[in-house]
Amino acid sequence: MRDAQELELMLRGYGLTTAEILYRMPDHPSVLQTYLWQDYDLAPKFPVLTGFLDFWRSKLEGPLHSIRYTHRKLISPTEWRKVDGEILLN
């Protein structure tokens, strides 16, 4: 079921977004900790990542230091083509 949902997202233009989030430890502000986040999102506005970061700022205690992200579309329109026939080999 999850694979079908992921394929549907990719066909609607979503790509895989990975973010490396550096944040300060609440008890030790001079210590930085790394958190890796990954989900399907729409470039260039990244609403899913933005929503996660808003949640982080409002609900979690570790203040954000920096965020690095990458985005990759896994399916592009040129990878799909119409097939008119099929050849079966035994």
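Values in this text are rule-based calculations from the coordinates and carry no lab data. Keep in mind the model is a prediction, meaning the values are calculated, not measured. As a convention, Cβ positions derive from the backbone with ideal geometry for all residues, glycine included, and neighbour counts pool all protein chains shown.
Note on the chain: with a GNM built from Cα contacts shorter than 10 Å, the maximum mean-square fluctuation among Asp41, Asp54, Asp27 falls on Asp27. When the chain is treated as a GNM with alpha-carbon contacts under 10 Å, the residue of Pro44, Pro26, Pro63 showing the greatest mean-square fluctuation is Pro44.
Determine the sum of side-chain charges near Pro26: Lys and Arg each +1, Asp and Glu each -1, restricted to other residues whose C-beta is under 14 angstrom from that of Pro26. Please list the in-between numbers first.
Values: positive: Arg24, Arg57, Lys59; negative: Asp27, Glu61.
With Lys, Arg at +1 and Asp, Glu at -1, the net is +1.
Within the straight-line cut-off of under 27 Å between alpha carbons, the lysines reachable from Lys73 are Lys45, Lys82, sequence neighbours fewer than 8 places apart in one chain being disregarded. The structure-derived value of percent of Cα pairs over 15 Å apart appears in the list [x] 69; [y] 57; [z] 64 under the label [x].
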